[in-house]
1. Step by step: first the residues of the stretch 72-96, then only those that are over 26 Å from the mean Cα position of the chain (by Cα) and assigned to a helix (DSSP H, G or I), then the one that is modelled with the lowest pLDDT. Which residue is that?
2. Identify all residues within the stretch 30-50 that are acidic (D, E) and in contact with a helix residue (DSSP H, G or I) (Cβ under 6 Å, 6 or more places away or on another chain); write none if there are none.
3. Taking the condition within 22 Å of the chain's Cα centre (by Cα), surrounded by fewer than 11 Cβ atoms within 10 Å (Cβ to Cβ) and not basic (K, R), does I15 pass?
4. For the structure I just gave you, tell me whether F41 is part of a helix (DSSP H, G or I), more than 21 Å from D70 (Cβ to Cβ), modelled with pLDDT of 90 or more and not basic (K, R).
5. Return a yes/no flag: does the stretch 78-91 have any residue that is surrounded by 11 or more Cβ atoms within 10 Å (Cβ to Cβ), over 16 Å from S12 (Cβ atoms) and hydroxyl-bearing (S, T, Y).
6. How many of the residues in the stretch 1-33 are part of a helix (DSSP H, G or I), hydrophobic (A, V, I, L, M, F, W, C) and without any contact (Cβ under 8 Å) to a residue 40 or more places away in the chain?
7. Is it true that some residue in the stretch 27-34 is polar (S, T, N, Q) and either closer than 14 Å to E59 by Cα or surrounded by 11 or more Cβ atoms within 10 Å (Cβ to Cβ) (or both)?
8. Which of the following residues is within 23 Å of S12 (Cα to Cα), touching a helix residue (DSSP H, G or I) at 6+ places or on another chain (Cβ under 9 Å), in a helix (DSSP H, G or I) and without any contact (Cβ under 8 Å) to a residue 12 or more places away in the chain: E64, E53, E69, E59?
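The values are calculated or read from the model by the stated rules, or taken from the named source; none is laboratory data. Being a predicted model, the structure only gives us computed values, none of them experimental. Glycine gets a Cβ as well: all are built from the backbone with ideal geometry, and neighbour counts include every protein chain shown.
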Amino acid sequence: MILEIKNYIQISNSIDEILKNSPFKLKYIIEKSGISEPTFFRKMKEKKFNPEELLKIAEIIDPEKTSKEDILKAIEEGLDDVRNGRLTSHQTVLSEAKERIAKKKNEYLLDK
C-alpha cells in the first residue's frame with residue numbers, strides 16, 4: 001500500500017509534466033475531463049487534482065492501458081465465476097437474448 005501511495009504522490013506532483021508530454025492536446029484533455037478550463041489550470045498549477053480527477057485524466061491520456069486492465073480484470077472475474085460455479089447455461093443465455101430482441105422489436109414497432 002505504501003508503494004501505491006508514493007506512486008500517487010509522484011503522479012500528483014508531476015501531473016503538469018505528464019500532461020505536457022501527453023500525445024493529446026491540453027484542450028482535448030480538459031474537454032474530456034469535464035473540469036472547467038480555469039479550474040483545470042488552477043488545479044494543474046497547484047497540483048491539486050483529486051484521485052478521481054487524476055484517474056479520469058489517466059484514462060484520457062492512456063486509453064489502451066485502461067482497456068487492457070479492464071479486459072484482464074474481466075477475464076479474472078470470469079475465471080473466478082467459473083471456479084465458484086457461477087455459470088449460466090447456453091440455453092438460458094440464448095433464451096434471454098431472444099426475449100430482449102423480441103422486446104426491442106416490439107418497442108420499435110410501437111414507436112412507428
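1. Here the answer is V93.
2. Taking the stretch 30-50 and keeping what is acidic (D, E), we get 31, 37, 46.
Correct list: E37 only.
3. Values: within 22 Å of the chain's Cα centre (by Cα): yes; surrounded by fewer than 11 Cβ atoms within 10 Å (Cβ to Cβ): no; not basic (K, R): yes.
So I15 fails the test.
4. Numbers: part of a helix (DSSP H, G or I): yes; more than 21 Å from D70 (Cβ to Cβ): yes; modelled with pLDDT of 90 or more: yes; not basic (K, R): yes.
Spelling it out, F41 is indeed part of a helix (DSSP H, G or I), more than 21 Å from D70 (Cβ to Cβ), modelled with pLDDT of 90 or more and not basic (K, R).
5. Initial filter on the stretch 78-91 (surrounded by 11 or more Cβ atoms within 10 Å (Cβ to Cβ)): 78, 81.
With over 16 Å from S12 (Cβ atoms) added as a condition, the list becomes 78, 81.
Within this subset, residues satisfying the condition of being hydroxyl-bearing (S, T, Y) are none.
Taking every residue of the stretch 78-91 in turn, none turns out to be surrounded by 11 or more Cβ atoms within 10 Å (Cβ to Cβ), over 16 Å from S12 (Cβ atoms) and hydroxyl-bearing (S, T, Y).
6. Here is the first cut: in the stretch 1-33, the ones part of a helix (DSSP H, G or I) are 2-13, 15-20, 26-33.
With the extra rule that they be hydrophobic (A, V, I, L, M, F, W, C), the set shrinks to 2-3, 5, 9, 11, 15, 18-19, 26, 29-30.
Those still in the list that are without any contact (Cβ under 8 Å) to a residue 40 or more places away in the chain too: 2-3, 5, 9, 26, 29-30.
Looking only at that region, the number is 7.
7. In the first step, residues of the stretch 27-34 are kept if they are polar (S, T, N, Q); the result is 33.
Subsequent filtering for residues that are either closer than 14 Å to E59 by Cα or surrounded by 11 or more Cβ atoms within 10 Å (Cβ to Cβ) (or both) retains 33.
There is at least one residue in the stretch 27-34 that is polar (S, T, N, Q) and either closer than 14 Å to E59 by Cα or surrounded by 11 or more Cβ atoms within 10 Å (Cβ to Cβ) (or both).
8. On the way: E64 fails: touching a helix residue (DSSP H, G or I) at 6+ places or on another chain (Cβ under 9 Å); E53 fails: without any contact (Cβ under 8 Å) to a residue 12 or more places away in the chain; E69 fails: touching a helix residue (DSSP H, G or I) at 6+ places or on another chain (Cβ under 9 Å).
Going through E64, E53, E69, E59 in turn, just one is within 23 Å of S12 (Cα to Cα), touching a helix residue (DSSP H, G or I) at 6+ places or on another chain (Cβ under 9 Å), in a helix (DSSP H, G or I) and without any contact (Cβ under 8 Å) to a residue 12 or more places away in the chain: E59.
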